[in-house]
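Beneath this line is the structure, given in structure tokens, with notes to follow.
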């Protein structure tokens, strides 16, 4: 190959690389909050926070942060309904933004345990944003630690059995140093940037373009990350009151960990406590508020004396569905919320129980599904945000008092 040809190729590559970098800088600084939802899967974890539209500013100011799993991320029918070519409202963060007038961001991750949702995601992503995107970003004024009763304890146990015990042993479950070491490694393992082991945000745009093209070539529809969705048909057991009418809803719904034994429940809460304590110690300038979000079946007034729940813990064929009594459900619901409240108060944290407001909303309309029965729909997320807003005001954490309902565009 002639020398001039090599030089021309290198120059061409240089121009292409330079063009990408110029476009990257322009998009990141001017257009990132306009990124359509269908393309946000391609953004690195750190930048995806900046792309969120539940804030008035590119970099959030005097803001609320949400930490947790898919409920914090906003999975559900509201997300399914909106235009994927937009970056329109679809979750509780947007409703809270409208209610409070404050910027709101989410560190939520679908399928996350408390280890991931309360520790790994916020503690990996926030410093990355400060180092590589905008060093002026401050810690959140308020961090809402979402606890979803439907599967958080299960996820805690699963991750502990798969990642903690094989390395440290079961005899170290109560060892402070072992857990501290585990959390540090979990945070380091999270890669908020576009390239693993490189602490930089440079190069995200060409990588994002490549990821979109790759997804297109695999003949997968480019769209928002919707997670694991199951379309449920009307069940035979579960029946609830809505508008003073009996309404059949799907069977095998998530419950407040009715499928777990006492020892498994204790382990799950122990992990939640350690995760919450680590979050508190890391964000020393933030007010931590623990939010109890009821599981699907405990969100409704039940007609039937029996309920059908899913046992997400078992791998035994034919044992994935369990039948319990409504009285068992209510007792378990009170136990779960009571333990989380006591844990939060022992750590000096604020606690909000959204069950009364969620149940009041469900008396008027179905607040899950009809496609995704693992998550709230628009009515559910609105009720959740309004409950949190009310709780923050009652406990004098928020002093502003907007009198209008959130005005979010219907999609």
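Values in this text are rule-based calculations from the coordinates and carry no lab data. Small disclaimer: the values here were computed from a predicted structure and weren't measured. Methodologically, a virtual Cβ is constructed for each residue, glycine included, from the backbone with ideal geometry; neighbour enumeration extends over all protein chains shown.
Some notes on this structure:
- Max mean-square fluctuation residue, GNM over the chain, Cα-Cα springs under 10 Å, options 105, 323, 143: 323
- Taking the longest Cα principal axis of the chain as reference, the axis of helix 3-26 is set at about 40 degrees.
- Extension gain, residue 371-residue 322: 0.36 nm per intervening residue step, less the Cα-Cα distance, totals 15.4 nm.
- Extension reserve of the residue 171-residue 241 stretch, reckoned as 0.36 nm per residue once the Cα distance is removed: 20.5 nm
- Expected 222 nm ellipticity per residue - DSSP helices of 4 or more, -39500 (n - 2.57), all of the chain, to 500: -12500 deg cm²/dmol
- Extension gain for the segment residue 261 to residue 345, taken as residue separation times 0.36 nm less the Cα-Cα distance, is 27.8 nm to one decimal.
- Estimated inter-spin distance, residue 213 and residue 83, nm [label 7 Å along Cα→Cβ]: 2.8 nm
- Degrees, to the nearest 10: 262-282 long Cα axis against longest axis of the chain: 40 degrees
- Choice from 136, 171, 97 showing the highest fluctuation, given a GNM over the chain with Cα pairs closer than 10 Å: 171
- Most fluctuating residue given options 262, 248, 55, as computed from a GNM of the chain linking Cα atoms under 10 Å: 262
- Protection proxy ranking, highest mean first, for peptides 305-311, 31-37, 291-297: 291-297, 305-311, 31-37, where packing is the per-residue count of other beta-carbon atoms within 10 Å, averaged.
- Calculated from the alpha-carbon coordinates, region 49-182 shows an Rg and a Dmax of 16.6, 51 Å respectively.
- Relative compactness, region 90-144, computed as alpha-carbon Rg over 2.2 N^0.38 Å: 1.22
- Taking the DSSP bridge list for the chain and keeping only pairs wholly inside it, about 35 percent are antiparallel.
- Modelled spin-label separation between residue 335 and residue 189, with each label point placed 7 Å from Cα along the Cα-to-Cβ direction: 3.0 nm.
- Rounded tilt (10° steps) of 204-217 against the dominant C-alpha axis of the chain: 70 degrees
- Part-to-part distance (alpha-carbon centres) for region 238-270 and region 130-153, which is given in Å: 27 Å
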